[in-house]
Amino acid sequence: MKGYKNSTKTVYETEESANYARGGMAKVGKVMGEFKRGKLHSGSKKGPEVTSRKQAIAIGLSEARKAGAKVPAKMRNGGKVGC
């Protein structure tokens with residue numbers, strides 16, 4: 001695993017995160033922070049609270065796509081990308 005030093009901690013890039021642009025990674029990171037604090041809701045703030053890690057990542061990627069960040073296409077057809 002390749003890593004780089006970011007202030008006081010070493011950040012490791014995984015194979016999946018290497019495909020995301022910095023803006024996409026930042027958006028997913030922000031959403032995951034909300035998820036960990038229990039503040040992430042599906043839909044709007046009135047919607048149910050998200051309890052699944054996979055759903056939280058999907059929401060982050062969706063928001064990144066809407067913002068125009070470079071992230072992989074949505075999974076379709078049983079896990080094949082962009083089909």
Cα-Cα longer than 21 Å, checked against LYS45/LYS70; LYS45/LYS66; LYS45/LYS74; LYS30/LYS54; LYS36/LYS70, kept in input order, equals LYS45/LYS70; LYS45/LYS74; LYS36/LYS70
Each residue of segment 31-41 in turn: what ³J(HN,Hα) in whole Hz from Karplus with 6.51, -1.76, 1.60 and θ = phi - 60°, glycine and Pro shown as x? 5, 5, x, 4, 4, 5, 7, x, 9, 8, 10
Amide H contacts under 5 Å for HIS41, restricted to residues at least 5 apart in sequence or on another chain and with H modeled in the peptide plane, are VAL50
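Readers should treat all values here as calculations from the given coordinates under stated rules, not as data from a laboratory. Here the structure is a predicted model, which means the values were calculated and not measured.
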